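The values are calculated or read from the model by the stated rules, or taken from the named source; none is laboratory data. All values derive from a computational prediction rather than experimental measurement. Here the Cβ is made from the backbone with ideal geometry for all residues, glycine too, and neighbour counts use every protein chain on show. All accessible areas refer to the heavy atoms of the entire protein, side chains included, with ligands and DNA or RNA removed. Shrake-Rupley method; radii C 1.70, N 1.55, O 1.52, S 1.80 Å.
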Amino acid sequence: MKSYLRGLEAEFGESSNAIRLELNRMEEAGLLQAETEGNRKVFHANTRHPLFNDLHSIIRKHVGLDSIIEEIAEKLGDLKRVYLTGSFAKGQDSKVIDLLFVAESIDKNYLNTLVEKAEDLINRKIRLLTIKPEEESLFLKSEACFLVWSNSNER
């Protein structure tokens, strides 16, 4: 996920100066990396930082994605991984949440029921794509993807 100062300012409702200070601190600590795209300084997580996996896990647990996906994964079938794709994976807000499910077989009726309930709760459209594990590497090469859940018995 990438973001830039003005985008974060709008998202958090904070002053650009306050956000800039925090971004600079996180960049100095090595938690964020920055690059220039046009006239914007764009920030993204440093996935090579030694604490990245721990921080990523804490954030996922705080948001509740781990427990929600873990609970439904057992009922869905042979679910391997779930990725966030599309605009959100690129760090952009959107009215549509794109999810990629990697599974051998999945109960699509149950999944559609869950999606309908979730859409009502979050007031956003959820778009799903289910692929087989052997198709995963091809898809990951062509799309921005952010792993949100993985079966602990996989990889």
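Here THR36 passes the criteria (1) more than 28 Å from ILE131 (Cα to Cα); (2) modelled with pLDDT of 85 or more; (3) touching a helix residue (DSSP H, G or I) at 6+ places or on another chain (Cβ under 9 Å) except the one numbered (3).
Going through region 1-41 one residue at a time, which ones are open to solvent by less than 80 Å² (accessible area, probe 1.4 Å) and in contact (Cβ under 8 Å) with a residue 60 or more places away in the chain?
Answer for region 1-41, where residues must be open to solvent by less than 80 Å² (accessible area, probe 1.4 Å) and in contact (Cβ under 8 Å) with a residue 60 or more places away in the chain: SER3, GLY7.
Look at SER137 and say whether it is over 16 Å from the mean Cα position of the chain (by Cα), open to solvent by 100 Å² or more (accessible area, probe 1.4 Å) and among the polar types (S, T, N, Q). Against the criterion (over 16 Å from the mean Cα position of the chain (by Cα), open to solvent by 100 Å² or more (accessible area, probe 1.4 Å) and among the polar types (S, T, N, Q)), SER137 does not qualify. Tally the residues that are outside any helix (DSSP H, G or I) and more than 20 Å from the chain's Cα centre (by Cα), restricting the search to region 1-34. The qualifying residues number 5.
For region 113-134, what are the residues that are of a type outside the set (A, V, I, L, M, F, W, C) and either surrounded by 12 or more Cβ atoms within 10 Å (Cβ to Cβ) or touching a His at 6+ places or on another chain (Cβ under 6 Å) (or both)? Working first, answer last.
Of region 113-134, the ones of a type outside the set (A, V, I, L, M, F, W, C) are 113, 116-117, 119-120, 123-125, 127, 130, 132-134.
Residues satisfying the conditions are GLU119, ARG124, LYS125, ARG127, THR130, PRO133.
Just one of (1) surrounded by fewer than 13 Cβ atoms within 10 Å (Cβ to Cβ); (2) touching a strand residue (DSSP E or B) at 6+ places or on another chain (Cβ under 8 Å) fails for LEU51. It is (2). Residue-level analysis places PHE146 among those that are modelled with pLDDT under 90 and aromatic (Phe, Trp, Tyr).
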